[in-house]
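Trainee: Have a look at this one before I ask anything.
The values are calculated or read from the model by the stated rules, or taken from the named source; none is laboratory data. Computed from a predicted model, the values in this text were never measured in an experiment. Glycine gets a Cβ as well: all are built from the backbone with ideal geometry, and neighbour counts include every protein chain shown.
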Amino acid sequence: MHEQQITGEGNSLPLAIELKKICKRFGQVQANRDIDLQVQRGTIHGIVGENGAGKSTLMSILYGFYQADSGEILINGQPATIKNSRDAIDAGIGMVHQHFMLVDTFTVLENVLLGAEQSASLDKSEANALEVLEHLSAEYQLSVPLKSITAELPVGQQQRTEILKALYRNAEILILDEPTGVLTPQEADQLFRVLKALKERGVTIILITHKLREIMDITDNVSVLRLGEIVSTHRTADTSTAELAELMVGRKLETQHFHKVDTADGESGIAVNNITVVDDRGLTRLDDVSFEVKRGEIVGIAGVAGNGQSTLLEVLAGIQSPNKGQFVINGHIVDASAPLGPREMREIGVQHVPEDRLRLGLIKSFTAAESSVLGYQNRKVFNWRFFLNIKSIRAACVKLMQAFDVRPPDPKLKSSSFSGGNQQKLILARELDKAPSVLLVGQPTRGVDIGAIELIHQKIVDMRDANCAILLVSVELDEIMTLSDRILVMFEGRIVGTVKGSEADKTTLGLMMANAMDTAA
Amino acid sequence: MDSVLTLQTVLSTFDATLRVSTPLILCAMAGLFSERSGIIDISLEGKMLSAAFAAGTLAAVTGSPWVALGGAIVVSVLLGLVHGFACITHRGDQVVSGLAINVLASGLTIVLGIAWFSQGGQTPALASESRFMPLQLPFAETLKGIPGIGPFYESVISGHNLLVYVALLAVPITWWVVYKTRFGLRLRAVGENPLAVDTAGISVSRLRFSAVMIAGALCGIAGAYLAIAQNAAFAREMTAGQGYIALAAMIFGKWRPLPAMLACLMFGFLDAVSIRLQGIELPIVGEVPVQLIQALPYILTVVLLAGFIGRAVAPKAIGVPFSKER
């Protein structure tokens, strides 16, 4: 019903992929319902939608992870049965997964070869592949050091390894799932140049993302998924980010603007002095880091994932002790020689919303009520003399759920049954409810729907206005720029730049994140 | 009184080292295949014991060492398949499955042994033509006279049965398969990141089943060695924990063939020395109690694994059943 919008121009390009009435159900959840999708050969087709809208399920069906309950897949006009990844590869489909499918201990070359070896002897296969790969990397500017160990490469190069893998298997259709989540803006630009070069040579690309600006920049057509259904397919030129966002969420969204504050002479909330952390492997994670966060201020830490932000949060939350240096929180001095644990940190008024909510934020098999008191389970109100007071725990949980619009508001439900956004709201509710004077927030909206992002951002700004000192870590540069009054940029464990929130611009921050300020200037 | 250190005793200690190390080396290579594919294999012990029993029984019944060897391999591979069925097909706990196989093997070999042969769990003693007997390598006699190399060749390298040489050959072959072939690449990959293997279009189950079957075959040879080459009959519990020691050696060798073999040789050497040390007065310490010397390899296993192994990086996906659901 939407296809006329694409083919409206009369240039009926042949279709690389055609999906007809694809349905997939997991138990009670209808993940995909009557999906009709047409992707023209040699185009970049964007698929957007909130988490849980069914994007990943749909692509997993195309790549053979799952099989559709009903419906038909046509590749280049031919009906195709895709039961596993082998079938997908044979049909010319390659996929770059959000979490890379690479063996960390292998060299790039070995990773590319895996499953596509041309001979039983490895040496022969490698020799054959080297030639082909050099040709491919030159043609598409995909330079990757083929003999390096994959785990030691930056994520951008790991991603290129994945693309090479697909091309080496002669993929004519390339699916990329949230490819820019882990990249700096510059790396993302580079990726897009590669994608454009691929398109010019006739490769069909499906780009799954929730970043609408990317859709506008690079795609030819875009389909929006909501609640398992395709709600529209447009030529990208005929639509706008505002329209797409509205289609994704199903209601109008207002762009958020928060006023920035300048608290230069305010009271200090967190003061970090010369903190250094060296990990078990002898790598320096934090290198002589010093900064201050005032009460009533949001300080955002920008940086590509893995440049020490996580360690910083863990140190301030008491999870990890520093090797050198000290920090002062609310007048309490915490020194490397006498570190405090997470519980003591809470007692001096530090609340922590961890980056990885499934690992540190809650326990999947616990009920929402149990997860909502983690870290506070010793409080009198939650306890009888020997046993937990489940009733009061549940009552408190219901209150939190109402305040933060956690859906469904059922404290007896398992934590893992909630969507990522609702899990995050529950954790935020738990920490913010304790009226913190110092708040550490890691990736507050990772994997969270647009609708919920609004609320989470508003709550964080509310805390600032209630005179809380907030340290925010996020890999989403937009988020950092929206919320922060001051932005610090981290690179390889050091703070390499400070920018006022009101004066920040993306290019400068991006260059700082890659520590390329000097060469660019 | 003998001196402990005559040339002859040194040579015969090395000779004994090779003999006791053989089942360890075979089992360590077996464990390496299995664990590199991501399947923990503590059932080396049980597979080797069952294979030893099968070999002892078949050699006694048929009189052919080759039939016995074949039977031992079949039995051990079947147990490997049981392990695979539990751990790969049904995603069971790999340690529990391995332990179950060990318990089963320990009980069943005794019960069947008593039922069939009524010798308290032993199989009948074998004549030399139904065993693998020592082989004289070419030129051993001729070279014997050359000082240094000659006696070493004659009494350490030469004069072992076929299976000892098979074990020694198994190490470079394992190395070659693991590092130089397509199968090896996939094997290493599936132990690190099975999802990467699956998305590359390769069946994870099939790879892991191949690995446990290879492990079974190698344990089968080790069992046959115990019952019909090193000894002349199966005796109850004759593996005496060697499967576990092999596993420890393999971990000590960090899942790599050559270091694993060296670790096996070291354990074997200790064992050989402990036999030689019994009843001998040592300077300063005097006579060491036999029990302590016999316990030495086991004590060393614990000490080495606990303290000296350093960063042992196991295959990342080891022990985790593979499931496609994300």
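Trainee: Regarding segment A:373-389, can at least one residue be identified that is within 26 Å of A:GLY52 (Cβ to Cβ) and not assigned by TED's automatic domain parsing to the domain that holds A:ALA53? Full working, then the answer.
Mentor: Taking segment A:373-389 first, the residues within 26 Å of A:GLY52 (Cβ to Cβ) are A:374.
Those left that are additionally not assigned by TED's automatic domain parsing to the domain that holds A:ALA53: A:374.
Yes: segment A:373-389 contains one or more residues that are within 26 Å of A:GLY52 (Cβ to Cβ) and not assigned by TED's automatic domain parsing to the domain that holds A:ALA53.
Trainee: While we're here: So which of A:ILE206, A:ILE298, A:ILE270 is under 30 Å from A:LEU316 (Cα atoms), under 22 Å from the mean Cα position of the chain (by Cα) and modelled with pLDDT of 85 or more?
Mentor: Details: A:ILE206 fails: under 30 Å from A:LEU316 (Cα atoms); A:ILE270 fails: under 22 Å from the mean Cα position of the chain (by Cα).
Only one candidate qualifies: A:ILE298.
Table: residues versus (1) away from chain A (no Cβ under 14 Å); (2) more than 20 Å from the chain's Cα centre (by Cα); (3) more than 30 Å from A:GLY64 (Cα to Cα).
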| position | (1), (2), (3) |
| --- | --- |
| B:GLN242 | yes, no, yes |
| B:GLY268 | yes, no, yes |
| B:PRO283 | yes, yes, yes |
| B:LYS324 | no, yes, no |
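Trainee: What about A:ASN84, is it more than 23 Å from A:THR161 (Cα to Cα) and not hydroxyl-bearing (Ser, Thr, Tyr)? Reasoning before the result, please.
Mentor: Working: more than 23 Å from A:THR161 (Cα to Cα): no; not hydroxyl-bearing (Ser, Thr, Tyr): yes.
So A:ASN84 fails the test.
Conditions tested, residue by residue: (1) part of a loop (DSSP other than H, G, I, E, B); (2) in contact with a Phe, Trp or Tyr (Cβ under 8 Å, 6 or more places away or on another chain); (3) surrounded by 14 or more Cβ atoms within 10 Å (Cβ to Cβ).
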residue: B:GLY56; (1), (2), (3): no, yes, yes
residue: B:GLY71; (1), (2), (3): no, no, yes
residue: B:SER76; (1), (2), (3): no, no, yes
residue: B:SER106; (1), (2), (3): no, no, yes
residue: B:LEU112; (1), (2), (3): no, yes, yes
residue: B:ALA125; (1), (2), (3): yes, no, no
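Trainee: Within segment B:311-324, can one find any residue that is modelled with pLDDT under 75, aliphatic (A, V, I, L, M) and surrounded by fewer than 21 Cβ atoms within 10 Å (Cβ to Cβ)? Give the derivation first.
Mentor: Filtering segment B:311-324 for residues modelled with pLDDT under 75 gives B:311-312, B:324.
Those left that are additionally aliphatic (A, V, I, L, M): B:312.
Then drop every residue that is not surrounded by fewer than 21 Cβ atoms within 10 Å (Cβ to Cβ), which leaves B:312.
Yes, the conditions are met somewhere in segment B:311-324.
Trainee: Anything in segment B:245-276 that is touching a helix residue (DSSP H, G or I) at 6+ places or on another chain (Cβ under 6 Å), in a helix (DSSP H, G or I) and more than 19 Å from B:VAL156 (Cβ to Cβ)? List them, or say none.
Mentor: The answer is B:ILE245, B:ALA246, B:LEU247, B:ALA248, B:ALA249, B:MET250, B:PHE252, B:PRO257, B:ALA260, B:ALA263.
Trainee: Let me ask you something else. Among A:VAL203, A:VAL224, A:VAL194, which is the only one that is under 11 Å from A:VAL48 (Cβ atoms) and not basic (Lys, Arg)?
Mentor: That would be A:VAL224, the only listed residue that is under 11 Å from A:VAL48 (Cβ atoms) and not basic (Lys, Arg).
Trainee: Assigned by TED's automatic domain parsing to the domain that holds A:LEU225 and either part of a helix (DSSP H, G or I) or touching a residue at least 12 places away in the same chain (Cβ under 8 Å) (or both): is that true of A:THR81 in this structure?
Mentor: On the way: assigned by TED's automatic domain parsing to the domain that holds A:LEU225: yes; either part of a helix (DSSP H, G or I) or touching a residue at least 12 places away in the same chain (Cβ under 8 Å) (or both): no.
In short, no.
Trainee: Here is a list: A:LEU483, A:LEU511, A:LEU477, A:LEU472. Which entry is within 20 Å of the chain's Cα centre (by Cα) and modelled with pLDDT under 90? Outline the logic, then answer.
Mentor: Details: A:LEU483 fails: modelled with pLDDT under 90; A:LEU511 fails: within 20 Å of the chain's Cα centre (by Cα); A:LEU472 fails: modelled with pLDDT under 90.
From the options A:LEU483, A:LEU511, A:LEU477, A:LEU472, the qualifying one is A:LEU477.
Trainee: A further question on this structure: For segment A:85-115: of the residues being at the interface with chain B (Cβ under 7 Å from one of its Cβ atoms) and surrounded by fewer than 19 Cβ atoms within 10 Å (Cβ to Cβ), which is nearest to the chain's Cα centre (by Cα)?
Mentor: Looking at residues that are at the interface with chain B (Cβ under 7 Å from one of its Cβ atoms) and surrounded by fewer than 19 Cβ atoms within 10 Å (Cβ to Cβ), I get A:ASP104.
Trainee: Filter segment B:260-286 down to the residues that are touching a strand residue (DSSP E or B) at 6+ places or on another chain (Cβ under 7 Å) and either at pLDDT 75 or above or closer than 24 Å to B:LEU169 by Cβ (or both) and list them by number.
Mentor: The answer is none; no residue qualifies.
Trainee: Given the structure, is B:PRO172 surrounded by fewer than 17 Cβ atoms within 10 Å (Cβ to Cβ), at pLDDT 95 or above and either of a type outside the set (S, T, N, Q) or touching an Asp or Glu at 6+ places or on another chain (Cβ under 8 Å) (or both)? Give the derivation first.
Mentor: Numbers: surrounded by fewer than 17 Cβ atoms within 10 Å (Cβ to Cβ): yes; at pLDDT 95 or above: yes; either of a type outside the set (S, T, N, Q) or touching an Asp or Glu at 6+ places or on another chain (Cβ under 8 Å) (or both): yes.
Yes.
Trainee: Considering only segment A:353-389, how many residues are hydrophobic (A, V, I, L, M, F, W, C) and in contact with a Pro (Cβ under 8 Å, 6 or more places away or on another chain)?
Mentor: Initial filter on segment A:353-389 (hydrophobic (A, V, I, L, M, F, W, C)): A:353, A:358, A:360, A:362-363, A:366, A:368-369, A:373-374, A:381-382, A:384, A:386-388.
Right, trim to in contact with a Pro (Cβ under 8 Å, 6 or more places away or on another chain) and you get A:353, A:360, A:368-369.
So the count comes out to 4.
Trainee: Can you give me the number of residues within segment B:175-191 that are surrounded by fewer than 22 Cβ atoms within 10 Å (Cβ to Cβ) and touching an Asp or Glu at 6+ places or on another chain (Cβ under 8 Å)?
Mentor: Going through segment B:175-191 one residue at a time, the tally reaches 2.
Trainee: When you go through (1) part of a loop (DSSP other than H, G, I, E, B); (2) over 30 Å from B:ALA68 (Cα atoms); (3) at pLDDT 95 or above one by one for B:GLY201, which number turns out not to apply?
Mentor: Only one criterion in (1) part of a loop (DSSP other than H, G, I, E, B); (2) over 30 Å from B:ALA68 (Cα atoms); (3) at pLDDT 95 or above is unmet by B:GLY201, namely (3).
Trainee: Hey, another quick one. So, in segment A:147-172, of the ones that are more than 14 Å from chain B (Cβ to nearest Cβ) and not in a helix (DSSP H, G or I), which residue ends up surrounded by the most Cβ atoms within 10 Å (Cβ to Cβ)?
Mentor: It comes out as A:GLU172.
Trainee: Taking segment A:45-67 as the search range and keeping residues that are among the aliphatic types (A, V, I, L, M) and farther than 15 Å from A:ILE93 by Cβ, which one is farthest from the other protein chains (Cβ to nearest Cβ)? If you could, list the steps in order and put the result at the bottom.
Mentor: Taking segment A:45-67 and keeping what is among the aliphatic types (A, V, I, L, M), we get A:47-48, A:53, A:58-59, A:61-62.
Keeping just the survivors that are farther than 15 Å from A:ILE93 by Cβ gives A:48, A:53.
Values: A:VAL48: 21, A:ALA53: 16 Å.
Only one residue tops the list, namely A:VAL48.
Trainee: Find the helices (runs of 4 or more DSSP H) located wholly in segment A:85-144 whose residues include 3 or more that are closer than 25 Å to B:ILE173 by Cα, and list them. Working first, answer last.
Mentor: On the way: elements: A:85-90, A:108-113, A:122-140.
Counting at least 3 such residues, we get A:108-113, A:122-140.
Trainee: Within segment B:103-151, how many residues are of a type in the set (Val, Ile, Thr) and within 23 Å of B:ALA227 (Cβ to Cβ)? Walk me through it before giving the result.
Mentor: Keep residues of segment B:103-151 that are of a type in the set (Val, Ile, Thr), which gives B:103, B:109-111, B:114, B:123, B:142, B:146, B:149.
Narrowing further to those that are within 23 Å of B:ALA227 (Cβ to Cβ): B:103, B:109-111, B:114, B:123.
Number satisfying all stated conditions: 6.
Trainee: Are there helices (runs of 4 or more DSSP H) fully within segment A:340-438 with at least 3 residues that are closer than 24 Å to A:GLY269 by Cα, under 25 Å from the mean Cα position of the chain (by Cα) and modelled with pLDDT of 90 or more? List them.
Mentor: On the way: elements: A:342-347, A:368-371, A:390-403, A:420-432.
Here the list reads A:420-432.
Trainee: Condition first: surrounded by fewer than 24 Cβ atoms within 10 Å (Cβ to Cβ) and under 26 Å from A:GLY64 (Cβ atoms). Now tell me which residues in segment B:201-223 satisfy that. If you could, list the steps in order and put the result at the bottom.
Mentor: At the first step, the residues of segment B:201-223 found to be surrounded by fewer than 24 Cβ atoms within 10 Å (Cβ to Cβ) are B:201-207, B:209-210, B:213-214, B:217.
Of everything in segment B:201-223, those that are surrounded by fewer than 24 Cβ atoms within 10 Å (Cβ to Cβ) and under 26 Å from A:GLY64 (Cβ atoms) turn out to be B:GLY201, B:ILE202, B:SER203, B:VAL204, B:SER205, B:ARG206, B:LEU207, B:PHE209, B:SER210.
Trainee: Write out, first by first residue and then by second, each pair whose Cβ atoms fall under 6 Å of each other, whose residues are 6+ apart or on separate chains, and whose first residue, in segment B:187-206, is more than 7 Å from chain A (Cβ to nearest Cβ) while the second is buried (at least 21 other Cβ atoms within 10 Å of the Cβ) and of a type in the set (Ser, Thr, Tyr).
Mentor: B:LEU187/B:SER37; B:VAL190/B:SER37; B:GLY191/B:SER37
Trainee: Residue by residue through segment A:501-521, note down the ones that are out of contact with any Lys or Arg (no Cβ under 6 Å at 6 or more places or on another chain) and closer than 21 Å to A:PRO444 by Cα. Step through it out loud before you land on a result.
Mentor: Initial filter on segment A:501-521 (out of contact with any Lys or Arg (no Cβ under 6 Å at 6 or more places or on another chain)): A:503-521.
Scanning segment A:501-521 gives A:ALA504, A:LYS506, A:LEU509, A:GLY510, A:MET513.
Trainee: Here's a follow-up. Any residue at all in segment A:120-139 that is more than 12 Å from chain B (Cβ to nearest Cβ) and under 29 Å from A:VAL48 (Cβ atoms)?
Mentor: The answer is no; no qualifying residue exists.
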